[in-house]
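The values are calculated or read from the model by the stated rules, or taken from the named source; none is laboratory data. Here the structure is a predicted model, which is why all the values come from computation and not from measurement. Every residue, glycine among them, receives a Cβ derived from its backbone with ideal geometry; neighbour counts consider all protein chains shown.
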Amino acid sequence: MATKKWLLLAPVAGAVGLGVTLGVGADTLLGAADAVGKQDVKPAVSLPITRVVLFNSGVGYFSRSGEVVDDARVDLTFPEQDINDLLKSMVLEDFNNGRIAAVSYDSREPISRTLSSFAINLNNNPTFAGIVSQMRGERIEVVMTPGATNQPGKLSGVIVGVEHQKEAKGNTTVDVEVLNMWCAEGLRSVKLTEIQQLKFANPVIESEFRRALEVLALGHDSLKKAVQLHFAGEGKRKVQVGYVIEAPIWKTSYRLVLSEKEKPYLQGWAMVENPTDEDWAGVKMALISGRPISF
């Protein structure tokens, strides 16, 4: 038996119609996520839903808008079955002389292959030493733990490698992992257990690490895919994204109330057939925030 839900919309001044022409701009690039991951050096910014238009044909138009500063990236997540319609219908706008640098999406390849494409390979749950060893030749900044033996509080240098050394402990010896760095004063060895914080000086490596972690997080839900929107420009400016994806089927009804003492107003109801939790997410968000919903 079909599940049906009724939704009472707020009174509106009149029926609203919307015509949308959808497409992808000429300077927009579609490709695999790792194709632009190396260019991304900033955390993603949020872009809230500002308008929802639901049609009785089983699709919905969603609009997101907000402000970005300089070069920015916006991450969106969708069910895998919606990605094809999303990319075909997406319209992106970057105002005040901004431009759309790229639109990328997660590959259908196994997560292990995607992770191996990043500068830092997080496959097989690598240890601290394993991660640092992959970055030989990269410049790093290290903060030592208080009380580290014969070490300054902070160090800056280039990773030479990680080695295992024997260290006496009581009447026995233990293996100790040591980071070898080339610093301004020469070669220096630092115990990994004495490192409190390590940061890569190269912002591209920082971005690669962050993207790899995001891929791992998204891999926990194999039914969803991430889409990244890359905006390029200078200063603060408004950006807008619109797209069409599958939505619940609406059957609408209207009531026009006329009165000699009050102004006429139009009420609208909608019956939604077989909605899912994801279908309702955008609608509820728009209702709670007071944003317009058309149908």
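Of all the strands (runs of 3 or more DSSP E) wholly in segment 219-289, which have at least 2 residues that are surrounded by fewer than 17 Cβ atoms within 10 Å (Cβ to Cβ) and modelled with pLDDT under 80?
It comes to 249-257, 265-273.
Looking at S156, S207, which one is closer than 30 Å to T77 by Cβ, out of contact with any Phe, Trp or Tyr (no Cβ under 8 Å at 6 or more places or on another chain), small (G, A, S) and surrounded by 13 or more Cβ atoms within 10 Å (Cβ to Cβ)?
Within the list S156, S207, the selection yields S207.
Considering only segment 186-200, I want to know if a residue exists there that is closer than 25 Å to N121 by Cβ, touching a Ser or Thr at 6+ places or on another chain (Cβ under 6 Å) and of a type in the set (K, R).
No: zero hits.
What number of residues within segment 74-124 satisfy the criterion of being part of a helix (DSSP H, G or I) and not β-branched (V, I, T)?
Residues that pass the stated criteria total 13.
Looking at T193, T145, which one is at pLDDT below 90, touching a strand residue (DSSP E or B) at 6+ places or on another chain (Cβ under 7 Å) and of a type in the set (S, T, Y)?
So the residue among T193, T145 that is at pLDDT below 90, touching a strand residue (DSSP E or B) at 6+ places or on another chain (Cβ under 7 Å) and of a type in the set (S, T, Y) is T145.
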